[in-house]
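The values are calculated or read from the model by the stated rules, or taken from the named source; none is laboratory data. Computed from a predicted structure; not experimentally measured. Here the Cβ positions follow ideal geometry from the backbone for every residue, glycine too, while neighbour counts run over all protein chains shown. The protein model used for the area step is the full one, side chains on, heavy atoms only, and it has no ligands, DNA or RNA in it. Shrake-Rupley method; radii C 1.70, N 1.55, O 1.52, S 1.80 Å.
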Amino acid sequence: MADILTVVEHRQGVVRDITYELMTFGRKLAEKTNAKLIGVLLGHNTDDLQEDIKKHVHRLVVADHEVFKDFNGDVYQEAISAVVKKESPFLTIIGNTAFGIDFCPSLATQLGIPFTTDCIGVEVVDGGIRVTRQLYDGKMDAHLRLAQGPHYMLTLRSGTCPAEDGGLSAEIEKIDAPLTSQPEYRRFIEYVEAAVGDVDITKADVVVGIGRGIKEQANLSMVEDFASAVGGVVACSRPIVDANWLPKDRQVGSSGKTVKPKLYIAIGISGAFQHIAGMKNSDTIIAINKDPNAPIFNEADYGIVDDLFKVLPVLKSKILEVKK
Ligand SMILES: Cc1cc2nc3c(=O)[nH]c(=O)nc-3n(C[C@H](O)[C@H](O)[C@H](O)COP(=O)(O)OP(=O)(O)OC[C@H]3O[C@@H](n4cnc5c(N)ncnc54)[C@H](O)[C@@H]3O)c2cc1C
């Protein structure tokens, strides 16, 4: 079978975690289908990145040019389109991230390739592609068959496949940059790092995440008291930021921060995948939710199914008792 192709996602000289997940996933699928995994690295002065990535793929195609120094979706689309036309892979897998979603749909349209986004499972069935995607905030899985190929393209959700060491040593094939200037209509201007507020939730050992279950802003003080009793900082799901109850730098999730504390306590958070993406690598996760079917319990090491307004005062007084 023809090969599987993935694209390296990197920012400010650092390979993003999703790349290793894609490559692990791609390698496993390639092994099952007797194919090879090809990585594509677009960048400028990427020697270190090449040394790293070549351990994860069977072949690494590298285009090095100033035009790839900073990300521009339209530049990527043109360059990846040229590589896909040349390599003719059976399947192209890209991360379902701001990076992938920027250029992948128009790339697939440009190439006329059957395409879908945000997959959490992919199988090769009868020479075609069957994917699994989630519906209704993760409450239901849908299995879809892509229109018959011969080529396919999809984006894979972060967290679908934990990254593993590749143990490979790919040959590196350097190609000329398929384009050498940014289009007039879309230019990279500058990279702006999000501001860090008075509390940096990414550095805390204990993070108390709150969600829409806290009902109203007036209840924040109760949660802050609880967080200080456990020695943690307060973070939140996106609706809390949308309601202006907490600043954006406290949001955990795919469009917020990624946290990896020793302890994450999710209070009144349903566990939408966008939230899970930002906290799933916490050492220990405790969830408090009155709905026993809330998806957050799929991630939690410990769960309390009850009304948070009943649970928090009891938990706080027990913690203070133990601390005495
Ligand atoms: C492009 C995009 C990006 C996104 N990025 C993010 C992101 O970065 N981070 C993020 O969090 N979300 C993000 N979202 C939103 C995400 O899809 C969910 O809507 C959001 O995470 C839900 O927040 P929640 O769990 O607080 O609210 P809800 O889904 O409304 O859940 C509230 C939970 O509280 C529980 N509850 C209610 N009352 C009580 C009570 N008294 N006691 C105990 N439990 C109670 C309920 O059972 C429920 O499970 C994004 C969405 C999109 C489309």
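Key figures for this structure:
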{"item": "Separation in nanometres of the label points that stand 7 Å from Cα toward Cβ, at residue 218 and residue 17", "result": "3.8 nm"}
{"item": "Using alpha-carbon coordinates, inclination of helix 17-33 to the longest axis of the chain, degrees", "result": "60 degrees"}
{"item": "Fraction of accessible area attributable to carbon and sulfur, the chain (%, probe 1.4 Å)", "result": "48 percent"}
{"item": "Accessible surface, per residue, of the range 206-323 when the full set of protein chains is kept, probe 1.4 Å, Å²", "result": "48 Å²"}
{"item": "Charged-residue dipole, Cβ positions (Lys, Arg, Asp, Glu), the chain about Cα centre, Debye nearest 20", "result": "820 debye"}
{"item": "Of 124, 192, 223, the one that fluctuates the most in a GNM where the chain has Cα springs shorter than 10 Å", "result": "192"}
{"item": "Cβ-derived FRET efficiency at R0 45 Å, residue 174 paired with residue 323, nearest 0.05", "result": "0.15"}
{"item": "Modelled FRET efficiency - R0 22 Å, residue 184 with residue 88, Cβ distances, 0.05 increments", "result": "0.10"}
{"item": "Rounded tilt (10° steps) of 98-111 against the dominant C-alpha axis of the chain", "result": "40 degrees"}
{"item": "Segment residue 66-residue 200, extension gain: residue separation times 0.36 nm, minus the distance between their alpha carbons", "result": "44.9 nm"}
{"item": "The range 205-253: trypsin sites (Lys or Arg not before Pro) in DSSP loop, at most 14 other beta carbons within 10 Å", "result": "215"}
{"item": "Residue among 70, 102, 52 with the largest mean-square fluctuation in a Gaussian network model of the chain, springs linking Cα atoms under 10 Å", "result": "52"}
{"item": "Choice from 60, 146, 135 with maximal GNM fluctuation in the chain (Cα, 10 Å cutoff)", "result": "135"}
{"item": "Average accessible surface area per residue within the range 4-175, 1.4 Å rolling probe, Å²", "result": "44 Å²"}
{"item": "Helix-only CD estimate at 222 nm, as mean residue ellipticity for the chain, using -39500 (n - 2.57) per DSSP H run (n ≥ 4)", "result": "-8500 deg cm²/dmol"}
{"item": "Hz values of 3J(HN,Hα) by residue in the range 58-66 - Karplus curve (6.51, -1.76, 1.60), Gly and Pro given as x", "result": "7, 9, 10, 9, 10, 10, 10, 7, 4"}
{"item": "Residues with amide H under 5 Å from that of residue 254, placed H, sequence gap 5 or more", "result": "275, 277, 278"}
{"item": "Furthest towards positive pole of dipole, 143, 8, 156, structure part the range 4-175, Cβ charges", "result": "143"}
{"item": "Environment charge of residue 9, counting only residues whose C-beta is closer than 11 Å and scoring Lys/Arg +1, Asp/Glu -1", "result": "-1"}
{"item": "Charge dipole of the chain about the Cα centre (unit charges at C-beta), most positive-ward option of 98, 50, 168", "result": "98"}
{"item": "C-alpha long axis of helix 73-87 to longest principal axis of the chain, angle in °", "result": "50 degrees"}
